[in-house]
Amino acid sequence: MEFARLYLVLIILIVLAVGCILVMKFQKPRKPTNVLKFPKRSGKSRQIPKQACSYCKKKAPALSFYSDQGNKVIGVCRECKPQAERLGLLRL
Ligand SMILES: [Zn+2]
């Protein structure tokens, strides 16, 4: 009978220890949720607002910028780029 009691106490101790470890493991993932906000911020910066081309007025994800004769900055899309270069505009 005494051996059975000792066995029971041992089991209870093991269960308590395992319980403590499990609680520690479940509490840890709460902190990294704050760190996970960083990829969301970088995701926002990826959304570059599309700018309209100065020549064809089409919205392009990437524009090449040139300086006009009147020192005006114009953005041209890939298709209008040769047009701007033909005019001898300075690329910025
Ligand atoms: Zn264009």
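The values are calculated or read from the model by the stated rules, or taken from the named source; none is laboratory data. This structure is a prediction, so every number in the text was calculated from the model and none was measured. Don't worry about glycine lacking a Cβ; one is built from the backbone with ideal geometry, like all the others, and counts go over all protein chains shown.
Of note:
- For Lys44, the conditions (1) in a helix (DSSP H, G or I); (2) surrounded by fewer than 10 Cβ atoms within 10 Å (Cβ to Cβ); (3) at pLDDT 85 or above all hold with the exception of (3).
- Conditions (1) surrounded by fewer than 16 Cβ atoms within 10 Å (Cβ to Cβ); (2) part of a strand (DSSP E or B): number failed by Ile74: (1)
- Restricted to region 63-83, and to residues there that are within 17 Å of Gln51 (Cα to Cα) and among the small types (Gly, Ala, Ser), the residue that is farthest from the ligand (Cβ to nearest atom) is Ser67.
- Residues satisfying the stated conditions in region 51-62, i.e. within 12 Å of the ligand (Cβ to nearest atom) and not hydroxyl-bearing (Ser, Thr, Tyr): Gln51, Ala52, Cys53, Cys56, Lys57, Lys58, Lys59, Ala60, Ala62
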